Amino acid sequence: MAELDPLLTRQLKRLGLENLTEPPDHATWQKVLARVSDHYRAVADDRALLARSLELSTAEMTQLQVRVATERDRLRGVVTAIGDALSAFHDVANSRSGIESVKGKQDITGSITMAKRRFSARLAEIFPLGAEAEPDDLIEDIRSNFLYLGDQLVQLLHEMSEKASLKEQLEVARVVQQMLVPPDDVIVRPFVRIAGHFQPASECGGDWWTVHDLPDEKVLTVIGDVTGHGIASAIITGAAKSACDLARTFTNGRITPGALLEMMNCSIYEAGKQKLMMTCTASIFDPATRSLTIANAGHHFPYLVRRGALRQLVSHGSPLGAASASEYPAATVQLESGDAILWFTDGVTECENPGREQFTERRLRSLFQGAADSGPERVRDAIIDAIRAFSLGQPLADDVTFVVARVE
């Protein structure tokens, strides 16, 4: 007899049919047939279950493929919408029309608003309100994050529009501020030669200086620094210059440094409301007495270098705008030929390099003391070069302003 299948052999053994040499009796044969029948039924049931499982799996995979393809198309649409919005914003951000006219500002605002509307409408098309929620938490998280990103992009467009407008205002204020100070040309008078320098910070600041001729060949020099930064500080410098010009005009130029600071103090007190103040030094060269008279309103004391020795010209007074009425007692120093004087604001000494180290008064004193004999224009250029070399391209946090004079 041919060798039987091992599974069939085990089944026959369970029925007590081993080493068959002749057919089994009728009862035993019926048991064998029943066992074989049960096995065929089990195999048929297993095959049906497997077929049903495959059918269900195929349907689920098809649904999953459709859902993934739908979400892929949605996410692709979101990315495309973001790219379109960014492109529109890039075009607006690089437009120069907003700086040229009021109509240009309106065009920029309209363009940004239109870009926001297009982007929001596109998101609404991709993820319509009332749509059935997705059962997949991951897909839902992705959709929520993209919608949040869309909101942030719209907010970015709005904020950048405001920043562009503020930047334009700062540029205008910076230009006006630069118009308030003399050029870097050397000012030559019979008794004195003066060279000044003003470099505005990246943010609009409040430095200011001026030189004016007075009667009897006297020369007035004023330097000031408003507390804080921004447009408000630049406005205070305008108020300071106006007050200085009015004081000279109404006194026909016959004014003392102390009286000048008192008049300027009243103007800045009214304009600044004690929220903004200005430190300031007013100095008058008098060729008849070969003297320099100084009044100080809380500003850095000027330096005087005579035959290589450096000293400070000390006079005291409260900052302009600190009180409604203040007095500014003056100090007078006799001058000699070759004397050099330096006025400066704290933007010079507090200038920083990339390591956040400050230039300091010590460096400034050493530099001025060593270069004082070379003339005001060379001293000015030496200080400019030293600050540039020290800062290594670091943006200025404050205006850099200083004035150099040399007695002839």
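Read-outs throughout are calculated quantities, based only on the coordinates presented, and are distinct from any laboratory measurement. Since the model is a prediction, treat every value here as computed from it, not as a measurement. Here Cβ is always computed from backbone atoms with ideal geometry, including for glycine, and neighbour counts include all displayed protein chains.
So ALA323 fits all but one of (1) out of contact with any helix residue (DSSP H, G or I) (no Cβ under 9 Å at 6 or more places or on another chain); (2) without any contact (Cβ under 8 Å) to a residue 60 or more places away in the chain; what number is the exception?
Only one criterion in (1) out of contact with any helix residue (DSSP H, G or I) (no Cβ under 9 Å at 6 or more places or on another chain); (2) without any contact (Cβ under 8 Å) to a residue 60 or more places away in the chain is unmet by ALA323, namely (1).
Does any residue in the range 287-311 that is on the phi > 0 side of the Ramachandran plot come within less than 9 Å, Cβ to Cβ, of a residue that is assigned to a strand (DSSP E or B) and surrounded by fewer than 19 Cβ atoms within 10 Å (Cβ to Cβ) six or more places away or on a different chain, and which pairs are these?
Close Cβ pairs satisfying both conditions: ARG290/GLN334.
Is one or more of the residues making up the range 246-259 on the phi < 0 side of the Ramachandran plot, under 34 Å from the mean Cα position of the chain (by Cα) and either outside any helix (DSSP H, G or I) or in contact (Cβ under 8 Å) with a residue 60 or more places away in the chain (or both)?
no
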